[in-house]
1. Limited to region 213-228, what total is found for residues that are in contact with a helix residue (DSSP H, G or I) (Cβ under 6 Å, 6 or more places away or on another chain) and at pLDDT 90 or above?
2. I'd like the residue in region 187-207 that is of a type outside the set (Lys, Arg), within 31 Å of the chain's Cα centre (by Cα) and more than 25 Å from residue 119 (Cα to Cα) and, out of all such residues, is least open to solvent (accessible area, probe 1.4 Å).
3. So which pairs qualify, if the first residue must be in region 404-421 and more than 12 Å from residue 435 (Cβ to Cβ) and acidic (Asp, Glu), the second must be assigned to a helix (DSSP H, G or I) and open to solvent by less than 10 Å² (accessible area, probe 1.4 Å), the Cβ gap must be under 9 Å, and the two must be at least 6 apart or on different chains?
4. If you take the residues of region 355-372 that are open to solvent by 70 Å² or more (accessible area, probe 1.4 Å) and not polar (S, T, N, Q), which of them is modelled with the highest pLDDT?
5. Restricting to region 151-173, what's the tally of residues that are at pLDDT below 85 and open to solvent by less than 50 Å² (accessible area, probe 1.4 Å)?
6. Residues to consider are 254, 226; find the one that is out of contact with any Pro (no Cβ under 6 Å at 6 or more places or on another chain), among the β-branched types (Val, Ile, Thr) and touching a residue at least 60 places away in the same chain (Cβ under 8 Å).
7. Are any of the residues in region 140-147 over 13 Å from residue 97 (Cβ atoms) and at pLDDT 85 or above?
Amino acid sequence: MNFSIERPWALYGLFLIIPPLLYSALTYKKTFTLLMKAAKKKKTKEYKNIRKRVFYRVVLRAAAWCMMIFAVAGITWGTVSTPAQKNGNAVAMVFDISYSMTARDCPNNLTRLEAAAAYANELMDKMEAEGIPASAVLAKGNGILAVPLTEDTESIRSLVSLLSPKLMSSAGSNLGEGINAALKSFPKNISNAPVIWLFTDGEETDAGLESALGLALKKGVSVVIIGFGEERETEIYAGDGKTLVKTALRSDKIKECVREANKKNLGGQGFSFIKGASAQFVDATELGSAYKVLSSAKGDKGSDKIAMSYEMQPVDRHLFFIALGIIFFILSFFASEFSLRGFHEKLALSLVLLCFSSCSSEFNESKKILGAVWNWNQKQYTEAVAKFSQSLDEAKANDDETIKQYAIYGLSATYLMQNENAAALEKINELSGSAPNRIKFAAFYNSGIIAQREGDYQKAAELFKNALLVDPSNVRAKINLELSYNQQAQRAKESERQLNGAGEMSQEESDLQKSVFNRIREKDQQQWKNTQQEQKSASPSDY
């Protein structure tokens with residue numbers, strides 16, 4: 001049933017109901033004692049009716065409080081398959097550095113570790129060109145994340161050049177722990193489709209590979225196991241440097257683990273999956289093996305980098321508990337103000353109808369649309385896209401045109417908030433002419449916003465006009481229409497100014513030159529007048 005509580009500490013809030021209950025019990029006890037005295041210690045019919053009203057009121061309000069606490073606690077049960085779009089891929093490279101990988105049975109007399117390092121470097125050359133982020137994990141007795149997820153592969157190359165069993169002190173070989181560490185290296189809400197590459201010979205002292213593969217597929221992560229070495233056994237020294245042990249490429253064992261993991265995943269045992277997600281084995285010496293490995297990180301045909309994952313998510317029941325809390329609180333007023341004859345039967349009938357109403361397909365589709373709108377308002381756009389997409393698929397299957405139009409509009413609005421203008425316009429164009437007026441208005445309005453973003457103010461003005469034809473009272477559309485007109489006029493003025501700029505500058509320079517020459521001429525005239533006055537005023541004795 002997958003029952004879980006996200007915030008168990010919130011359940012302590014249930015104890016807060018005890019003081020009000022005790023206070024109510026003491027208060028009503030005194031009240032009923034006075035009533036008994038007034039009725040001369042006879043429990044009349046009216047007295048019993050009042051006690052029932054008070055009892056139901058207290059119980060229903062206590063139940064309402066408990067429902068709110070359960071909503072805050074985040075109680076979940078059941079699972080639902082949620083589609084989520086993944087753009088591109090992210091790779092976790094797991095290197096088996098156990099002592100069996102030191103066997104020198106690879107081409108060019110290389111050890112298995114050296115061959116794995118050279119193979120990984122060739123893959124990273126292609127990954128850099130594709131812009132695929134990667135992380136590096138070392139697997140021996142345990143799994144350790146050595147390099148977190150990054151697009152800078154130089155740090156991984158540095159690690160690969162130093163691969164050795166001495167990098168980890170733990171004994172044995174546990175490939176399952178390496179895969180588990182790789183799963184943890186991916187962020188929880190990663191936007192890329194995760195893939196794991198395991199470089200190994202299949203030798204392990206702890207048989208954890210099959211269970212780890214099943215867990216990876218359950219979480220929607222593809223796994224490619226790349227085998228190194230020969231299938232003919234060769235002798236090497238164990239970790240103590242004295243004991244000789246035989247080792248080989250255990251391809252049969254790896255293939256069996258891969259086959260079992262894929263079988264369980266396809267069997268629908270509650271596993272979630274990415275389209276094309278699977279476990280596979282590739283022999284490194286095989287012709288074209290590198291192409292197979294790279295194809296797992298580049299999508300179909302190496303070009304489609306968009307994948308759709310269906311993740312099994314627990315069903316959040318907080319809205320259910322909030323609704324119950326509100327219902328119980330409202331019923332508490334009915335219990336205290338109206339006759340309680342047959343009240344418990346009516347209450348039971350109402351709860352049954354509430355439960356059965358949740359089974360109808362129309363209610364479920366509307367609930368998904370409301371959930372998507374809630375995610376949109378909370379800026380959880382990835383979850384909103386997933387719910388709108390699922391509602392759209394179900395509406396098409398049920399031929400429900402109304403839900404279909406709302407789901408398409410919801411996707412366009414979400415893409416718009418993610419600045420994916422092309423995707424938003426594509427969804428807007430899918431809306432039919434029979435859509436409700438609210439959706440028609442929003443489609444014109446959002447198209448106008450996109451046109452404004454792209455600088456096409458004339459087109460934006462036309463779109464806002466069309467929006468106002470649908471809803472003439474909308475103030476935001478009027479404001480954006482005026483802004484589009486102003487931006488269009490301002491752009492025209494700027495273009496005109498740029499065309500006439502050269503002439504204006506030459507005229508200004510000419511005026512400046514005239515003023516300077518006039519100033520110099522005035523200075524010269526003043527200086528000549530002063531000289532003439534000095535000569536006239538001078539006496540003969542001055543000579």
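1. 5
2. Checked region 187-207; the qualifying residue least open to solvent (accessible area, probe 1.4 Å) is 190.
3. Final answer for the pair search is 420/414.
4. 370
5. Total satisfying the criteria: 5.
6. 226
7. Initial filter on region 140-147 (over 13 Å from residue 97 (Cβ atoms)): 145, 147.
Okay, now just the ones that are also at pLDDT 85 or above, so 145, 147.
Within region 140-147 (the criterion being over 13 Å from residue 97 (Cβ atoms) and at pLDDT 85 or above), the answer is yes, since at least one residue qualifies.
This table checks each residue for (1) of a type outside the set (Phe, Trp, Tyr); (2) open to solvent by less than 20 Å² (accessible area, probe 1.4 Å); (3) touching a helix residue (DSSP H, G or I) at 6+ places or on another chain (Cβ under 7 Å); (4) within 30 Å of residue 487 (Cβ to Cβ).
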site	(1), (2), (3), (4)
374	no, no, no, no
385	yes, yes, yes, no
392	yes, yes, yes, no
409	no, no, yes, yes
421	yes, no, yes, yes
437	yes, no, yes, yes
440	yes, no, yes, yes
444	no, no, yes, yes
461	yes, yes, yes, yes
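The values are calculated or read from the model by the stated rules, or taken from the named source; none is laboratory data. Small disclaimer: the values here were computed from a predicted structure and weren't measured. Neighbour counts are summed over all protein chains in view; Cβ atoms, including those assigned to glycine, are modelled from backbone coordinates with ideal geometry. Areas reflect the complete protein model, heavy atoms only, side chains present, ligands, DNA and RNA absent. Shrake-Rupley method; radii C 1.70, N 1.55, O 1.52, S 1.80 Å.
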